[in-house]
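The values are calculated or read from the model by the stated rules, or taken from the named source; none is laboratory data. Keep in mind that this is a model prediction, so the values were computed, not measured. No Cβ is skipped: glycine too gets one built from the backbone with ideal geometry, and neighbour counts run over all protein chains shown.
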Amino acid sequence: MLGRGLLVLSLLASTGVAWAASGSETLPIASRQIDAFKVGSSQTRFGQLEFIGGLEMTSPNALFGAVSAIRFRTDGSSFVAVMDTGHWLEGAVTRDADGRLSGLTDLTATPMADRSGAVGLEKWKVDSEGLALREGEVIVSYEQAHRIDIYPDPALAGSRPIGSLPLQFPKTELRNNGGLETVAISPKDGPLGGAAVTVSERSVDQADNLLAGIVDGPMKGAFAVVRTEPYAVTDGAFLPDGDLLLLERRFNFASGLGMRIRRIPGASIQPGAVVDGDVILEADMGYQIDNMEGLDVVTGPNGDVRIIVVSDDNHSILERNLMLEFRLIK
């Protein structure tokens, strides 16, 4: 979730109740290609990343927006996302002749159901923030009503949770608007053996480090991530080599929005550890960013590693729905 300061400015921000819907809706989408990441510049190399292209997306359907996490399937084009209004968002990206993002297709939104099958719930009950895919499971982390629920895949639309993952730190330590923003699946052949990992947005331990945990697998346990003001973690995903990328966002009225991506060495993630890593990308309002909340790692057509980030517009006319794609330069 975006900090309270910018929410004050969001004329159409959520009123605290999830959008009600009885079933899936098809969402028409208009997309404008973004050719340059840095405004007014032809530069493509930014730290360890090369900008490939991006999209700014709009829809006449007011349901579209508030995307807080996204995960691509193995084909590299179809995806599952969650909106923090308590909706699944499914669709696929299209590409132009040069392989750059050109639009979205087959986009549908479906309300999430709770364990009783109810939909259209109050926002605090379905404030979905993190998302991961793992062999027949879609794993979602929620803040406010803090939990990590498991849904069946691919029949997730309309399905109830079929289980939950245990937290490795006290739930009472999580802030309502700074809880479980990230859930990511580690590589099977890595030291964590395909375990799920969660990192909080702003909830901290006594040393002011972010609460985090390996929530299942042989190495399950709590660890911590070094917190750097004014940034807050909004998502994360593992690279094929086992390193963890964390997407972080900052906001204040003086300098506006900013984002960065931090690379946490995978070997450092273990119970009891306090982890940190190098910043591989940092951007402010001089770049094509907004309230960046979702990140995924995708294998490109030539086997290269792509990083795709998306924004959450909070259903506000002051914010944009963006999707940006980068190539990792090793």
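The figures follow:
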| read-out | value |
| --- | --- |
| Ile317 being surrounded by 20 or more Cβ atoms within 10 Å (Cβ to Cβ) and not in a strand (DSSP E or B) | no |
| Residue check for Arg260: part of a strand (DSSP E or B), among the basic types (Lys, Arg) and in contact with a Phe, Trp or Tyr (Cβ under 6 Å, 6 or more places away or on another chain) | no |
| Any hit, the range 211-218, residues being assigned to a loop (DSSP other than H, G, I, E, B), over 19 Å from Val140 (Cα atoms) and not aromatic (Phe, Trp, Tyr) | yes |
| Hey, Trp88 of a type in the set (Phe, Trp, Tyr), assigned to a strand (DSSP E or B), under 24 Å from Leu318 (Cα atoms) and out of contact with any Phe, Trp or Tyr (no Cβ under 7 Å at 6 or more places or on another chain) or not | yes |
| Odd one out for Glu201 among (1) over 18 Å from the mean Cα position of the chain (by Cα); (2) in contact (Cβ under 8 Å) with a residue 40 or more places away in the chain | (1) |
| Residues of the range 263-317 satisfying the condition of being among the small types (Gly, Ala, Ser) and on the phi < 0 side of the Ramachandran plot | Gly266, Ala267, Ser268, Ala273, Gly277, Ala283, Gly286, Gly294, Gly300, Ser311, Ser316 |
| Residue match in the range 90-105 (condition: of a type in the set (Gly, Ala, Ser), under 27 Å from Ile214 (Cα atoms) and surrounded by 18 or more Cβ atoms within 10 Å (Cβ to Cβ)) | no |
| Leading residue by the ranking (surrounded by the fewest Cβ atoms within 10 Å (Cβ to Cβ)) among those in the range 41-60 that are modelled with pLDDT of 95 or more and in a loop (DSSP other than H, G, I, E, B) | Ser42 |
| Residue tally, condition under 28 Å from Met285 (Cα atoms) and hydroxyl-bearing (Ser, Thr, Tyr), over the range 21-42 | 3 |
| Residues of the range 65-104 classified as more than 22 Å from Trp124 (Cβ to Cβ) and not small (Gly, Ala, Ser), total | 17 |
| Test: residue in the range 103-120 that is assigned to a loop (DSSP other than H, G, I, E, B), over 29 Å from Arg263 (Cα atoms), of a type in the set (D, E, K, R) and modelled with pLDDT under 95 | yes |
